[in-house]
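Below: the structure, in structure tokens.
Quick note: the coordinates plus some simple rules give every number you see, no bench work behind them. Just so it is clear, the structure is predicted and the values come from calculations on it, not from any experiment. A quick note on method: Cβ atoms are made from the backbone with ideal geometry, for glycine too, and the neighbour counts reach across all protein chains shown.
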Amino acid sequence: MQISIDSPASAPQPLSPYYSQVARVEHADGSALLFLSGQIAEGDTVAEQTRGIFETIAALLKAHGATLANVINIRTCLTDIGTLEEYGTVRRQYLTGTPPTSMTFEVPRLFRPEALVEVEIVAAVSAGSRPAG
């Protein structure tokens with residue numbers, strides 16, 4: 001097993017220098033698990049922020065030879081659980097196949113006061129899916 005941690009240059013960069021965006025756990029057979037840090041995005045509504053988040057997630061996955069179809073687990077924090085339907089409507093536009101395992105919960109606040117939603121994912125990629133570059 002080989003572990004690499006990075007913030008791919010081809011994707012939006014982290015909002016803080018204190019974390020990396022992707023941990024890649026490569027198995028001997030060439031398959032890998034990708035663990036993405038929680039992502040937030042700019043926007044005035046949960047829907048706008050959710051779109052930005054999934055665009056960033058897609059770019060991070062692409063940099064590692066994966067797509068949103070590779071997502072197997074998603075963890076979501078909402079500052080208002082009443083916005084779950086708004087969030088879910090946008091999420092379904094990006095995760096169009098069989099839904100991944102999921103956990104969604106309400107938190108009083110996120111690390112940026114303007115953030116309404118934060119999403120963390122795990123993706124599984126098959127052998128032969130290599131990071132870009």
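Roughly what angle does helix 84-94 make with the longest principal axis of the chain, taking Cα atoms, 0 to 90 degrees, to the nearest 10?
30 degrees
Short version: ³J(HN,Hα) in whole Hz for each residue of segment 112-124, in order, from phi by Karplus 6.51 cos²θ - 1.76 cosθ + 1.60 (θ = phi - 60°), x for Gly and Pro, what are they?
Residue by residue, segment 112-124 yields 10, x, 7, 6, 9, 8, 9, 10, 10, 10, 10, 10, 10 Hz.
Label segment 23-82 by shape, choosing from rounded, prolate and oblate, from the square roots a ≥ b ≥ c of the eigenvalues of the Cα gyration tensor; if a/c is under 1.5 it is rounded, and otherwise prolate applies when a/b is larger than b/c, oblate when it is not.
Prolate is the answer for segment 23-82, as a/c is 1.5 or above and a/b outweighs b/c.
Taking the alpha carbon gyration tensor of the chain, what are the square roots of 5 times its eigenvalues, largest first, to the nearest whole Å?
Equivalent-ellipsoid dimensions as semi-axes: 25, 16, 12 Å.
With Cβ to Cβ distances under 12 Å as the rule, what net charge do the other residues near Tyr19 carry (K, R +1; D, E -1)?
On the way: positive: none; negative: Asp6, Glu120.
Result for the local shell: -2.
For Cα pairs less than 8 Å apart in space and 6+ apart in sequence, what is the mean separation divided by the residue count of the chain, i.e. the relative contact order in percent?
Value for the chain: 32 percent.
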